[in-house]
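Note sheet for the following structure.
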Amino acid sequence: MLFGLAGLALASSRLPVEWLMLQAPASSAQTVPVGFADALSDAAASPGAARGAATAARLRLAALPDPAHRAEREAALSAAVADLHRALLGAPADAEIWERLAFVEYARHQPLEAARAWRMAIVAGTFNPSAMPRRLQSGFALWPFMDADGRESMNRFVWSFFAWGPGTVTELTARFGAAAIVRQGLAADPAVVADFDRRLAAFKKP
């Protein structure tokens, strides 16, 4: 009976979060009610409410003030960081939460923190073709701020992405001028580097 009561107590602590989650806008295109993210964030402080905290962060970012409103923007970004850290306490292997944290830290002009969060997104992430281009672009932007572990993760990511989609990697490399980064990721096999260089040269031709 004690176990049953404990389970009931835990479930009841999540009820406010689950109720708010049902009311949360499904996409960033929908208007977020004023104060909704704060209410969800407060409810997500209860145990086992990682999803609620992650959703609160998503909603804050969907309604992020533009840079002209500096104070409001910084407050929203700081609140999103707190939500994301709370979410990670309950879901430390959620790559999307880490990726969103990398974006927020970069927006807060904290590139070292952003680079560390990006690495965790790569380490935690499973093979996800739809996310790979986005994560590669982020990796290019954060490369100057990565430590040795971050760069090693980037190298492995470049290798696996090129093996799956060499054309997409080549296109993104050309667009962002990141050939040196990609060559380093492929350096273990000179034949692969040569293949990449051929693709890159052909891509650049008019």
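Quick notes on this one:
- Phi angles of the range 156-167 translate, via the Karplus equation with coefficients 6.51, -1.76, 1.60 and θ = phi - 60°, into HN-Hα couplings of 5, 5, 4, 4, 5, 5, 5, 5, 8, x, x, x Hz per residue; Gly and Pro are given as x.
- Scaled against the 2.2 N^0.38 Å expected of a compact globular protein of N residues, the Cα radius of gyration of the range 79-146 reads 1.02.
- Here the 3J(HN,Hα) profile of the range 74-90, calculated from phi with Karplus coefficients 6.51, -1.76 and 1.60 at θ = phi - 60°, is 5, 5, 5, 5, 5, 5, 5, 4, 4, 4, 5, 5, 5, 4, 5, 4, x Hz, Gly and Pro shown as x.
- Charge tally in the Cβ shell below 13 Å around residue 137, where Lys, Arg are +1 and Asp, Glu are -1, residue 137 excluded: +1
- Using distinct alpha-carbon pairs, which all enter the 1/r mean, Kirkwood radius of the range 32-204 in Å: 17.2
- Carbon + sulfur, % of accessible area of the range 32-204 - ligands and nucleic acids excluded, 1.4 Å: 57
- Intensity falloff of the range 112-206 expressed as log10 I(q)/I(0), Debye formula with alpha-carbon point scatterers, at q = 0.15, 0.20 Å⁻¹: -0.53, -0.93
- Cβ crowding within 10 Å averaged over residues, with 57-69, 98-110 ranked highest first: 98-110, 57-69
- Integer Hz, Karplus 6.51/-1.76/1.60 couplings in order for the range 125-141, x for Gly and Pro: x, 8, 5, 9, x, 5, 8, 4, x, 4, 6, 5, 4, 4, x, 4, 5
- Between residue 180 and residue 126, the modelled label-to-label distance comes to 3.7 nm, taking each label 7 Å out from Cα in the direction of the beta carbon.
The values are calculated or read from the model by the stated rules, or taken from the named source; none is laboratory data. Here the structure is a predicted model, which is why all the values come from computation and not from measurement. Neighbour counts run over all protein chains shown; Cβ positions are idealised from the backbone, glycine included. Side chains are part of the model used for accessible areas, which takes the heavy atoms of the whole protein and leaves out ligands, DNA and RNA. Shrake-Rupley method; radii C 1.70, N 1.55, O 1.52, S 1.80 Å.
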